[in-house]
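Quick notes on the structure that follows.
The values are calculated or read from the model by the stated rules, or taken from the named source; none is laboratory data. As the structure is a prediction and not an experimental result, all values here were calculated from the model. Please note: Cβ atoms are built from the backbone with ideal geometry, for glycine as well, and neighbour counts cover all protein chains shown. Side chains included, ligands, DNA and RNA excluded: accessible areas come from the protein's heavy atoms. Shrake-Rupley method; radii C 1.70, N 1.55, O 1.52, S 1.80 Å.
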There are 2 protein chains.
Amino acid sequence: MKSEIIAVGSEMLTPWRQDTNSLYLTEKLNEIGVTVAFKTVVGDRRKDLVGAIRTALGRTDILALIGGLGPTEDDLTREAVAEALSLTLRRDATQVAALHARAATWRIPMPSNNLKQADVLEGAALLPNPNGSAPGQWLDTKFAAYRKLILLLPGPPGECRPLFDAECIPRLRAVLPVRSIARRTLRAAMIPESQADKLLAPIYTTYADVETTILANAGDIQLTLLCSKSNAADARQRVDELAGRLEEALEDWLYSSDGETLEQIVLYYLGLRQATLAVAESCTGGMVSERITSVPGSSRSFLGGVVVYSNELKTVFANVPPELIAQYGAVSSEVAKALANGIRLRAGATFGVGVTGIAGPTGGTELKPIGLVHIAVSDAQKTESVERIFRGDRTRIHQWATQQTLDLVRRRLR
Amino acid sequence: MKSEIIAVGSEMLTPWRQDTNSLYLTEKLNEIGVTVAFKTVVGDRRKDLVGAIRTALGRTDILALIGGLGPTEDDLTREAVAEALSLTLRRDATQVAALHARAATWRIPMPSNNLKQADVLEGAALLPNPNGSAPGQWLDTKFAAYRKLILLLPGPPGECRPLFDAECIPRLRAVLPVRSIARRTLRAAMIPESQADKLLAPIYTTYADVETTILANAGDIQLTLLCSKSNAADARQRVDELAGRLEEALEDWLYSSDGETLEQIVLYYLGLRQATLAVAESCTGGMVSERITSVPGSSRSFLGGVVVYSNELKTVFANVPPELIAQYGAVSSEVAKALANGIRLRAGATFGVGVTGIAGPTGGTELKPIGLVHIAVSDAQKTESVERIFRGDRTRIHQWATQQTLDLVRRRLR
């Protein structure tokens, strides 16, 4: 079954705002065996919208329209669907009463404009929207003699997504052939992209019935495996078999077999060992701490950290001897090690981490170029460091260095 | 002039990847007076792509196709445009030679598949792509008797964007009526969204010739004003006049008159005063430091910070007396002030900042609910704190608290 998602709203045709609901809907549609073949963004112009609806119905079986259900003059989705399919709109009395009741609860007068939210397409079912005033609509109809399913969904994500889950998915399931979906997400850190491709493509391309998607970010690769079968056990078996082969190929680059983030894995290992962590970072400016503390419950294993930009603070907070900085420079493996060791002792943590480098855009030299980073991990037994040179702008170097830091901690804890 | 952007690639029809090139192109197109009326994402299926191209040419004047110019079997944009417009493709000898030279430089054998990147649409000009192997194409043609401009652009952002700037913008300028664009971005912090709307809408709606876009994030509002006229001075005058009225209405919520970020403004004020800053954060987990250090050159004014999750580290790194924590609790204005003051003294900074709160998802009580945050700013004269309760999940509370912290520093420095 092929579907199209049309996001309605002129604001999504500016340089600053993107439709994101379609990503959510795509995931949910894929899970019930529906492919998204087209995504379209169209502004709040009736003629454009009518045309886009007709185009979509001419090329797909299921059309989800997101947005344009509100009370303003710019909200035209109901009217446009009616025009595209030559249907009438009737004003639903129950819905009108609900709108009045809603206004009364909030003690606000109701503009007459609001009532258009009670307009229902001929033959459509209203889909209750507990999070907003505009209900969704479900229309099982024909276009050019073919059966079409048309879904009208409110635009705000907090309304669109719960309504889609509660009202549309069960209706789609009832109409579509039964499919069972198995899914797995593997993640690997710091493997070069070209190497990952060379390792993995020969494996996953032999599994034509498993859809494999690879996403690469700074030092992070995420593989998502998706298999849809009429039988749940078959789907699960195929995904697990492929996952097993990919995991083997990824060796110790693999850090997650079921979608966990690198910071979650680091915290998981720390928890297992009942160990604690403290961080002294310079060039990453707090990003290491920030990623770790983004995980709920991180306070059990993460004691804290210091962001030591100035040389003085490296001494004040992580006991780095000023002579060491004078001798080797702030960006050196010696200082990274001293940061890791110093913060560990100062914080009373099991493990200490030190990061120092040059994020740019200035400050590089021939010997110490922009992107050079030294990272060290320390415990009571030993302190080890690595040196890396990352490419890209300041943000990119922050991201790569943070990822490398977390991966180094993971490898040490494993 | 109306345009459509078609992003080509099945990966953008998954739940994980979004087209972002179109945002860049939209900004650049708007600047030369071209509206984006539709955005479409289509997968690597020739039939779908041919249909989408015909639909686009039927409803807009300018069509930008992004992606599908590579050497693989999935790269079908050239072929699809040829089919949609019944044009032939010819293999360009110079381009073939360039591909061979490129392969030779990299000392890799060239698969014959690669040569399709030298295929040129009948009547099209090749657009050099210094950052990749597939050149772009520019086609000034007719479709159903109307003049149409068709742009073929490579998909990787690092190729698409420079090629669009260098090759397409000048060609479009030469063809389109001369328009001059004036633009301004105003930003305001911590103003409630509904209040911003009530204050601003009555003003900007009276400027029909200035396009005003409002983006709201956690505690941040960004207003972009755009005016396109045949005369540059007229456009500038209208934008500046509207900006002046909006700035007045925003009073001291306004922090930026030309698009600067809040962290840039804080660093700007610190630089003016030759002052330095140090931060002790608990519930924001490093996000305050991270935002500040994302600005190039921040090391001149930002000495560093500490992320003090545990009570012990609040004492070790920011001199917070353990008795104070025992008496008032870690989340209290007293501890926020002690953090601000302590970090200032420890770091030897002009200003110290302390943040403590409950980001959730657990740890809230009736008296101290999730979202409660105390923030303090300290200098040699005084230490002041505010209390806020933010709503949303952990990430959202991190973001709001960080924004509030930076805004508090801005107000203190102003």
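Quick look at the values:
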read-out	value
Förster radius 41 Å - calculated FRET efficiency between B:E366 and A:W16 (Cβ-Cβ, nearest 0.05)	0.55
Listed pairs A:K28/A:K148; A:K368/B:K314; A:K47/A:K116; B:K47/B:K142; A:K368/B:K28; A:K116/A:K148 exceeding 27 Å between Cα atoms	A:K368/B:K314; A:K368/B:K28
Those residues of the range A:287-316 for which accessible area with every protein chain present is at least 40 Å² below the isolated value (1.4 Å probe)	A:E290, A:T293, A:P296, A:L303, A:G305, A:V307, A:Y309, A:L313
Inter-copy spacing of B:P157 label points, which lie 7 Å from Cα along Cα→Cβ, given in nm from shortest upward	1.7
Spin-label model distance (nm) - A:R245 vs B:D258, 7 Å beyond Cα toward Cβ	5.9 nm
Distribution of pairwise C-alpha distances over the range B:37-137, 5 Å bins, in %	2, 12, 23, 23, 19, 11, 6, 3, 1, 0
Charge dipole magnitude, Cβ of K and R +1, D and E -1 - the protein assembly as shown, Cα centre, debye nearest 20	280 debye
For B:T350, residues with placed amide H under 5 Å, excluding near neighbours	B:T276, B:L277
For the range A:82-141, size of Cβ-based charge dipole, Lys and Arg +1, Asp and Glu -1, in debye	360 debye
Distance between modelled label sites at B:A97 and A:Y24, nm, 7 Å Cα→Cβ extension	5.6 nm
Per-bin percent of Cα-Cα distances, the range B:346-414 [10 Å]	21, 47, 26, 7
Theoretical ellipticity at 222 nm over chain B - DSSP helices of four or more residues, -39500 (n - 2.57) apiece, nearest 500	-12000 deg cm²/dmol
Other copies of B:T88: label-to-label distances in nm, shortest first, labels 7 Å along the beta-carbon direction	5.8
Å² per residue, accessible surface of the protein assembly as shown at 1.4 Å	41 Å²
10 Å beta-carbon shell around B:N129, net charge (K/R +1, D/E -1)	-2
Sulfur and carbon atoms: percent of accessible area, the range B:271-414 [1.4 Å]	50 percent
Within the protein assembly as shown, percent of DSSP bridges classed antiparallel, to nearest 5	65 percent
Length gained when the stretch B:E122-B:A232 is fully extended (0.36 nm per residue, less Cα-Cα span)	35.8 nm
Within the range A:286-364: Cβ-based charge dipole about Cα centre, in debye rounded to nearest 20 (Lys, Arg +1; Asp, Glu -1)	280 debye
Globularity ratio of the protein assembly as shown, using Cα Rg and 2.2 N^0.38 Å	1.01
Under 5 Å, built H, 5+ apart or other chain: amide partners of A:F143	A:K148
The range B:1-160 - percent of accessible surface contributed by carbon and sulfur, probe 1.4 Å	53 percent
For A:Y24, inter-copy label distances in nm, listed shortest first [label point 7 Å out on the Cα-Cβ vector]	2.8
Quarter of Cα convex hull surface for the range A:374-414, i.e. mean projection, nm²	2.9 nm²
Closest approach to the axis - chain B beta-carbon, rotation onto A, Å	B:G286, 2
Percent of beta bridges antiparallel (DSSP, chain B, rounded to nearest 5)	65 percent
In nm, spacing of pseudo-spin labels at A:D74 and A:W106 (7 Å Cα→C-beta vector)	1.7 nm
Most to least accessible of B:T284, B:T206, B:T315 (protein chains only, probe 1.4 Å)	B:T206, B:T315, B:T284
Percent of alpha-carbon pairs separated by more than 25 Å within the range B:225-331	48 percent
Mean separation of Cα contacts under 8 Å, 6 or more apart, over the residue count of chain B: relative contact order %	10 percent
Karplus-derived HN-Hα couplings along the range B:238-245 (A = 6.51, B = -1.76, C = 1.60, θ = phi - 60°), whole Hz, x at Gly and Pro	5, 5, 5, 5, 5, 4, x, 5
³J(HN,Hα) computed for each position of the range B:274-287 - Karplus, 6.51 cos²θ - 1.76 cosθ + 1.60, integer Hz, glycine/proline x	6, 10, 10, 9, 9, 10, 10, 10, 10, 5, 7, x, x, 5
Accessible area that becomes buried as B packs against A, both chains, 1.4 Å probe, Å², nearest 100	5200 Å²
Signed unit charges on C-beta, dipole axis of the range B:236-301, positive-most listed residue B:L254, B:Q264, B:S301	B:S301
Amide proton proximity set for A:A280, modelled H, under 5 Å, gap of 5+	A:V306, A:V353, A:G354, A:V355
Using a Förster distance of 45 Å, the FRET efficiency for B:T395-B:R90 (Cβ separation, nearest 0.05)	0.25
Members of the range A:39-69 that become less accessible by 20 Å² or more once partner protein chains are added (1.4 angstrom probe, chain alone as reference)	A:K39, A:T40, A:V41, A:R45, A:D48, A:T55, A:R59
Derived scalar couplings ³J(HN,Hα) [the range B:326-343; Karplus, 6.51 cos²θ - 1.76 cosθ + 1.60; whole Hz; x for Gly, Pro]	5, 7, 9, x, 5, 9, 7, 5, 4, 6, 4, 5, 5, 5, 4, 5, x, 5
Per principal axis, descending, Cα span of chain B in whole Å	82, 56, 42
Distance-filtered residues of the range B:38-65 - backbone nitrogen under 16 Å, label point 7 angstrom along A:R45 Cα→Cβ	B:38-40, B:55-64
